[in-house]
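The values are calculated or read from the model by the stated rules, or taken from the named source; none is laboratory data. Note that the coordinates shown come from a computational prediction; the quantities given were computed from them, not determined experimentally. Cβ: placed from backbone, ideal geometry, glycine included. Neighbour counts: every protein chain shown. Note: accessible area is taken over every heavy atom of the protein model, side chains too, but ligands, DNA and RNA are not part of it. Shrake-Rupley method; radii C 1.70, N 1.55, O 1.52, S 1.80 Å.
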Amino acid sequence: MTLATKPNGPRLLAPPIGESRPDAHVGLVMFALAMGGFAIGTTEFAVMSLVPYFSVGLRIDEPTAGHVISAYALGVVIGAPIIAVLAARVARRTLLIGLMAVFGIANLLSALAPSYGWMLAFRFLSGLPHGAYFGVAALVAASISPPNRRAQAVARVMLGLTVATIVGVPFANGIGQALGWRWGFGIVAVLALLTMALIFAYAPRDTVRPGASPFRELGALKRRQVWLTLAIGAVGFGGMFAVYTYLASTLMTVTQVAPTLVPLVLCIFGLGLTAGTLAGAWAADRALMPSIGGILLWTAAALALFPFAAGNIWTISVVVFLIGTSGGLGAMLQTRLMDVAGEAQTLAAALNHSAFNTANALGPWLGGLAIAAGHGWTSTGWVGTALALGGFAIWVVAVLDDRRVAKLRRT
């Protein structure tokens, strides 16, 4: 691996030794990797809309059925670091295919789950490959792209997830309503199989990197900047989830729209997520750390507008789009971790998604506390603003630490 030392840490300049760079097929490689993101995004978000259906099928109430979502998130948080460490000596192409195989089987088992207990177990299993897949896919994408376009390469992988919020989720929900909720999970298993075939056909055939080992991957945990970057995501991204989790309830209770309009507004959120991922990656390739700080402040401002916009369908739609653009933070932080993780690239990249799922738990929990305290549905906007600003405060610490280290190197 070729590295260059910069003030903010080592930067990946070339693919690892033994990894090919199929220039003629870069677009197909990106499509194959993004298809996996599409499958993961579909099941992650569609299951929320299928809760009313499988709760009836499994003879449980909806609040209990909601624990299935938590089981998936727990699987992501636990699976990402464990798989990244244990699979340190596995070639990336092989690992991606294996992760998709586990993901597909787990979703097929979810479709066949005979009881609530089994459904919990299968959703936990489905979440295990999530973080590791995105982390490894991001590294593969970056390895076949020019150094000054790494963030955009990572964003193309993430586009699979953002497009899932626009197309995959409504499709899986429609299938679930028309043919039964089990088909909503079954279609994801088919997408996983398609992803495996595409990766097998187009992903670069790499070899295990020299010196790769679980202990080298664990070296990422010794780096202060890795922890700071993960903390930015765990706190700063929580703001978006604080609002998104309760958006449907806010639309029906405060904005007072018909239930049929809720999916349209959720689609607008997905459009914002896609636009933010593309624009954020473009900015990150030009000025990474300033872009991270800028998007955190942008997110805080958009979330602060939410309580004022919630009373009208037009204004809330615009603000929901703006909040969605904060999704650009994902590719930025993934790229930042490539810079600061040194030789422990896989673990750091996978932990990024553990951080995001921590945000997915933190934001809704704090938003729920505000609502339960009687502050109303729109109070989630203020909770989200505080979390985004909290992420920005951690970003300031990271920048100051970078400058301190750079100053020590000069002396």
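Of Thr411, Gly98, Trp227, which is farthest on the positive side of the dipole of the chain, counting Cα position, with +1 on Lys and Arg Cβ, -1 on Asp and Glu Cβ, and the Cα centre as origin?
Ranked along the dipole, the leading option is Thr411.
Go through [x] 41; [y] 55; [z] 47 and flag the label whose value is the computed percent of Cα pairs over 29 Å apart for this structure.
The value matching this structure is [x].
Would you be so kind as to identify which of Ala155, Val188, Tyr116 lies farthest towards the positive end of the dipole of the chain, taking Lys and Arg as +1 and Asp and Glu as -1 on Cβ and the Cα centre as origin?
It is Ala155.
So how far, in whole Å, is the C-alpha centre of segment 66-84 from the one of segment 301-359?
Measuring centre to centre over Cα atoms gives 19 Å.
Keeping all protein chains in position, work out how much accessible area His67 exposes to a 1.4 Å probe, and write it in Å² to the nearest 10.
100 Å²
Roughly speaking, to the nearest percent, how much of segment 281-411's 1.4 Å accessible area is carbon and sulfur?
73 percent
Given the options Leu400, Thr378, Pro364, identify the residue whose Cα lies farthest towards the positive end of the charge dipole of the chain (+1 on Cβ of Lys, Arg; -1 on Cβ of Asp, Glu).
Going by the Cα projections, it comes out as Leu400.
At a probe size of 1.4 Å, how large is the accessible area of Tyr246, to the nearest 10 Å²?
So the heavy atoms of Tyr246 present about 50 Å² to solvent.
Mind ranking Phe321, Phe356 by accessible surface for me, highest first, 1.4 Å probe?
Phe321, Phe356
Shape call for segment 312-372 from the C-alpha gyration tensor, a ≥ b ≥ c root eigenvalues: rounded (a/c under 1.5), prolate (a/b greater than b/c) or oblate?
Verdict is oblate for segment 312-372.
Please give the charge dipole size of the chain, origin at the Cα centre, charges +1 on K and R Cβ atoms and -1 on D and E Cβ atoms. Round to the nearest 20 debye.
With Lys and Arg at +1 and Asp and Glu at -1, about 1240 debye.
Could you work out the relative contact order of the chain, using alpha carbon pairs under 8 angstrom and six or more residues apart, expressed as a whole percent?
It rounds to 25 percent for the chain.
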